[in-house]
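A.B. asks: Just dropping this structure here.
The values are calculated or read from the model by the stated rules, or taken from the named source; none is laboratory data. The model shown is predicted, which means the values in this text are computed figures rather than measured ones. Using ideal geometry, Cβ is built from the backbone for each residue, glycine included, and neighbour counts are taken over all protein chains shown.
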Amino acid sequence: MSEQAETVTPRIALVLGLTGGVGGATAKALASHGWQIRAMARDPERARLGARASYPVQWLRGDAMNSDEVSRAAEGAELIVHAVNPPQYKNWRGLALPMLANTIAAARQSGARIVLPGNVYVFGPDAWPVATESSPLHPLTRKGAVRVEMERMLREAAPDVRSLVVRAGDFFGPGSGASSSFNLVVAKGGRNLKKIVDLGRNDAGHSWAYLPDLAEAIVKLVAIQDRLADTEVVHFGGHWIEPGRGLAEAIRRVLHRPRLPLRKFPWVLVYLAAPFMELMRELIEMRYLWDVPLRLDNRKLVGLIGPEPHTPLDTAITAALDAATVR
């Protein structure tokens, strides 16, 4: 009698926001560890072309604002990566909270754990300069308040719904897209940039999260779900660059252009445009993050998975510049 090969049921991860930076990076990392990736979009074909994924993705038609469609997409999934955000900061509360509510409802039905990529928006002055997972959540901004409410929604959904929030600094690297501060302002044009733009004070360090490293950390945490709390919150340290000009020095070093100009960001023009452009108003609201040192303590993460995935800064910047290069 011949032995029959055992059939292995693939683990399914629904990634909402796969065409975005952290969603795409997390999906790629999950796929590399054997997960079957499922994604949802209002226009699946357009999303597929935009994502340009190098791994198989099952695309479904649906809208994150439609609870029934999210629940259908989550059927059979063990994980839901909630990486979908309102475009260009528009109507943050009116869109972000209902979308997360729909994901929670889908997770309650499917039994999946929710992964929410978090950020430093949730912290105010009483958490500076180094924030731990237990630091107070007293944000200064509207978006920060929404982020705090999103985390509260996840806590209140437990134990029926399990979640993992991984807070990180400013995203950069392949796939981070035009919304990344690195691509949009600091090194606009990638290797073809004419100048480096400094957004903050010279004496204030800044937290940067290289997307492939962050995604790998998320996958490592997902792999030890049995050791995580029902509502787990973990900090990803990433690259802490201090002083503020350290990033510019690294870009010059990578490009072998030691005299590449460094210019201050023209905040005055942003203030002048703010009455007419919502995006400018949102930039002003988040300006404080460039003027104060706010670092994330990653000791809890290290205690859970061992050393944090960490690509050397010059290697990470090289990859980020290559990905952002206008050809």
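A.B. asks: Out of everything in region 239-262 that is outside any helix (DSSP H, G or I) and in contact with a helix residue (DSSP H, G or I) (Cβ under 7 Å, 6 or more places away or on another chain), what residue ends up being surrounded by the fewest Cβ atoms within 10 Å (Cβ to Cβ)?
C.D. replies: Going through the qualifying residues, I end up with 258.
A.B. asks: Contact list please: Cβ distance under 8 Å, first residue in region 265-277 and closer than 22 Å to residue 201 by Cβ and touching a residue at least 12 places away in the same chain (Cβ under 8 Å), second residue assigned to a loop (DSSP other than H, G, I, E, B) and of a type in the set (A, V, I, L, M, F, W, C), pairs at least six apart or on different chains.
C.D. replies: 265/199
A.B. asks: What number of residues within region 161-187 are part of a loop (DSSP other than H, G, I, E, B) and without any contact (Cβ under 8 Å) to a residue 40 or more places away in the chain?
C.D. replies: The total comes to 1.
A.B. asks: Let me ask you something else. When you go through (1) touching a helix residue (DSSP H, G or I) at 6+ places or on another chain (Cβ under 8 Å); (2) modelled with pLDDT under 95; (3) of a type in the set (Val, Ile, Thr) one by one for residue 268, which number turns out not to apply?
C.D. replies: Among (1) touching a helix residue (DSSP H, G or I) at 6+ places or on another chain (Cβ under 8 Å); (2) modelled with pLDDT under 95; (3) of a type in the set (Val, Ile, Thr), the lone unmet condition for residue 268 is (1).
A.B. asks: Return the residues of region 281-303 that are part of a helix (DSSP H, G or I) and among the aliphatic types (A, V, I, L, M); say none if nothing qualifies.
C.D. replies: Residues satisfying the conditions are 283, 284, 289, 301, 302.
A.B. asks: Under 6 Å between Cβ atoms, at least 6 apart or on separate chains: pull out the pairs that start in region 233-247 with a residue that is within 13 Å of residue 302 (Cα to Cα) and end on any residue that is of a type in the set (Lys, Arg).
C.D. replies: Matching pairs, first to second residue: 234/300; 235/167.
A.B. asks: Residue 54 fails exactly one of the following numbered conditions: (1) at pLDDT 95 or above; (2) among the hydroxyl-bearing types (Ser, Thr, Tyr); (3) over 23 Å from residue 153 (Cβ atoms). What is the number of that condition?
C.D. replies: All conditions are met except number (1).
A.B. asks: Also, I was wondering about something else. Given region 19-132, what helices (runs of 4 or more DSSP H) lie entirely inside it while holding 3 or more residues that are among the aliphatic types (A, V, I, L, M) and either over 17 Å from the mean Cα position of the chain (by Cα) or surrounded by fewer than 20 Cβ atoms within 10 Å (Cβ to Cβ) (or both)?
C.D. replies: 92-110
A.B. asks: Also: Before we move on, is residue 207 of a type in the set (Ser, Thr, Tyr) and either part of a helix (DSSP H, G or I) or crowded, with 20+ Cβ neighbours inside 10 Å (or both)?
C.D. replies: It is true that residue 207 is of a type in the set (Ser, Thr, Tyr) and either part of a helix (DSSP H, G or I) or crowded, with 20+ Cβ neighbours inside 10 Å (or both).
A.B. asks: Within region 7-18, take every residue that is of a type outside the set (Lys, Arg) and more than 13 Å from the chain's Cα centre (by Cα) and give me the one that is nearest to residue 69 (Cα to Cα).
C.D. replies: 14
A.B. asks: Does residue 216 meet the test of being surrounded by fewer than 19 Cβ atoms within 10 Å (Cβ to Cβ) and either touching a residue at least 24 places away in the same chain (Cβ under 8 Å) or among the aliphatic types (A, V, I, L, M) (or both)?
C.D. replies: Considered against the rule, which asks whether it is surrounded by fewer than 19 Cβ atoms within 10 Å (Cβ to Cβ) and either touching a residue at least 24 places away in the same chain (Cβ under 8 Å) or among the aliphatic types (A, V, I, L, M) (or both), residue 216 comes out as no.
A.B. asks: Just to be sure I understand, how many residues within region 263-293 are among the basic types (Lys, Arg) and exposed (fewer than 13 other Cβ atoms within 10 Å of the Cβ)?
C.D. replies: The number of residues fulfilling the criteria is 2.
A.B. asks: Then there's this: Under the condition of being of a type in the set (A, V, I, L, M) and outside any loop (DSSP other than H, G, I, E, B), which residue from region 263-274 is nearest to residue 169 (Cα to Cα)?
C.D. replies: Only one residue tops the list, namely 270.
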